[in-house]
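Structure first, commentary second.
Derivation of every value follows stated rules applied to the coordinates shown; laboratory data play no part. Model, not experiment: these values are computed from the prediction. Cβ atoms come from the backbone with ideal geometry, glycine included; neighbour counts cover every protein chain shown.
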Amino acid sequence: MRITGIRATPVAVPYRSPEVWAFGRRRGQVSVLIEVDTDDGVTGLGEAAAYPSADIVLAVLRGLEPLVLGEDPFAVERLVRRIELVGTWHHVKATSPAIAAVEMACWDILGKVCGQPLVNLFGGRFRERVECFYYVARAEPDDVAAEARLATKAGFGTCYLKVGSDDPRTDIERVAALRDGAGPDARLRIDANEAWSPGTAVRLIRELERFDLELMEQPVSGRNLDEMAYVRGRVGVPILANEASWTRYDQLAVIKAGAADVLSVDNQMDGGLANLKRAAGLCEAAGLPVVKHSLGELGVALAAAVHVIASTPNFRYANQAYGALLADDVTSGFGGGLESYADGCMEVPSGPGLGVALDPDRVARYAELYRTEGASFSFGDPQALARAHALPKL
C-alpha cells in the first residue's frame, strides 16, 4: 500500500459563545481537515488546528507532499522520521500540527485495514471513557456562574476558566462566581496563560486558594522554569504546566526543574499520536500525571486523542476539549455539542481506525464559512489591541 495524495479542507465552526483569553477572543474553531488517499482505496482522516494559522498549515502540507507521496502509511515511525530528518522539519513547533495530521491519518488507515479501533493499536483500553472538562468561556461573573451551573447540570465534574485580566480583582470575582455556580463539589481549574509575574502569581493564587482549586495552569512564563518552581514552592494549589510543556523535550526540562505537579501533553504540538503516548510515559516515569492540552479541535482530532488517552494510565485529570463550547461539528455524532458527552466523558469510538466519519454536508457548510468569514474566526479583540500587550501583564 502506498500514499497517493493528501487533500486538505479548511473549515470554520462557530462556538456557542466566544472564547476569551488574556490577549484576545475568537468566535469559533478553524481546523484543516485532511484526507490521505492510498492506492488500495483506503482513506485516512486527520485534522490540524489552524496554529498559528490555516495558511501556514496548508503551506506545510504542500511542503510535506514530496516526503509523503509514494510512502507506506503502515510505516508510521519511518514516515515521521523521514519528515523530521530528511525534510528537516524536526522540532519546529509551528509546523507540528500539519505533521501530526498526516501521522493521524496514517494511524486511521492502519486501524481500518486491521479492522481495529485505534485504542487497540496503542495498548488496549485502560479506561472505557475519557473525562473532559467544561470550558467556561471567560465573561462577566453572572455569565460565568450561569455557565458553571449548566456544566454541573450536564454532569461535568471539572470546570475550566481563563483568568489574566488587566485588573486582578476581576479575576477574583470571576473565580468566586465559578465556585458559586458550579457548587462545592465541582473541581475548578484556572488558567492564567503566563499573564502574571512570580510575585503577583503567589499573591493571587494564595487569595484564590479559598475557592478550593484543583489546578492552577501556567500562572507565569513557560520560558522560565525557575520562576515556575519558585511559585510552585510557595502556593498550596498544584501547578499545571502548559506553555512550558508542549513537546517531549520541554516536558523533560520541566521535570528536571521540578516546575510543575501536572503536565500538559499535546499530540498536535508534539507532532503526532505516538509522541503523545511517549510524552505521557516520560511523565509517568517521573511520577507525574498528565492532561491533554488542546489548541482547539473538532471531532476527528478529538477522537484520535481519546483513543490514546483511553490506553494510557496516567491521564488522571479531566482533559481539555472544545466539544462543549462548539455549536456543531464536522463528524457524524461525535465531538461537538453537550449531547456528545455523558457525565463529562467521551466514549471511545468502537469502529476501525479513528472510528469517526466526516459529514459531507457539514464539511461543505463550514468550508464555505471559512472561505467567506474565516478571518473573523482568528484571535482578535480591538480592545486588547488598544492596550499594552506584553508578558507578564501583572
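Within the shell defined by Cβ-Cβ distances under 15 Å, the residues around H90 carry a net charge of +1, with Lys and Arg each +1 and Asp and Glu each -1. Under 21 Å of direct C-alpha separation, and excluding same-chain neighbours fewer than eight residues apart, K112 reaches these lysines: K277. For the peptides 73-82, 328-337, the ranking by packing is 328-337, 73-82, with the highest mean count of neighbouring Cβ atoms within 10 Å listed first. The angle between the Cα long axis of helix 198-208 and the longest principal axis of the Cα atoms of the chain comes to about 80 degrees, rounded to the nearest 10.
Rounded to the nearest 0.05, what FRET efficiency do E140 and D343 have when you use their Cβ-Cβ distance and R0 = 22 Å? E(calc), rounded to 0.05, equals 0.20. Cross-link partners for K256 among the aspartates and glutamates, with Cα-Cα distance under 15 Å and sequence neighbours closer than 8 places in the same chain left out: D226, E227, E284. The GNM of the chain, with springs linking C-alpha atoms under 10 angstrom apart, assigns the highest mean-square fluctuation among I309, I83, I109 to I83. Name the shape class, rounded, prolate or oblate, that the alpha-carbon gyration tensor gives for the stretch 202-249, where a ≥ b ≥ c are the square roots of its eigenvalues, rounded holds for a/c under 1.5, and otherwise prolate holds if a/b is larger than b/c and oblate otherwise. Cα axes put the stretch 202-249 in the prolate bin. Given R₀ = 45 Å, FRET efficiency for H90-S332 by Cβ-Cβ distance, to 0.05? Plugging the Cβ-Cβ distance into 1/(1 + (r/R0)^6) gives 0.80. Would the stretch 120-347 count as rounded, prolate or oblate if I go by the C-alpha gyration tensor, calling it rounded below 1.5 in a/c and otherwise prolate when a/b exceeds b/c, oblate otherwise? Oblate is the answer for the stretch 120-347, as a/c is 1.5 or above yet b/c matches or exceeds a/b. Applying 1/(1 + (r/R0)^6) with R0 = 51 Å to the Cβ-Cβ distance of T372 and R234 gives a FRET efficiency near 0.55.
Between the stretch 8-71 and the stretch 79-149, the C-alpha centres lie 12 angstrom from each other.
With axes computed from alpha carbons, what is the tilt in degrees of helix 96-114 against the longest principal axis of the chain, rounded to the nearest 10 within 0 to 90? Result, in degrees: 50. Once C-alpha pairs closer than 8 Å and six or more residues apart are averaged by separation and normalised to the residue number of the chain, the relative contact order reads 22 percent. Under 25 Å of direct C-alpha separation, and excluding same-chain neighbours fewer than eight residues apart, K162 reaches these lysines: K93, K153, K292, K393.
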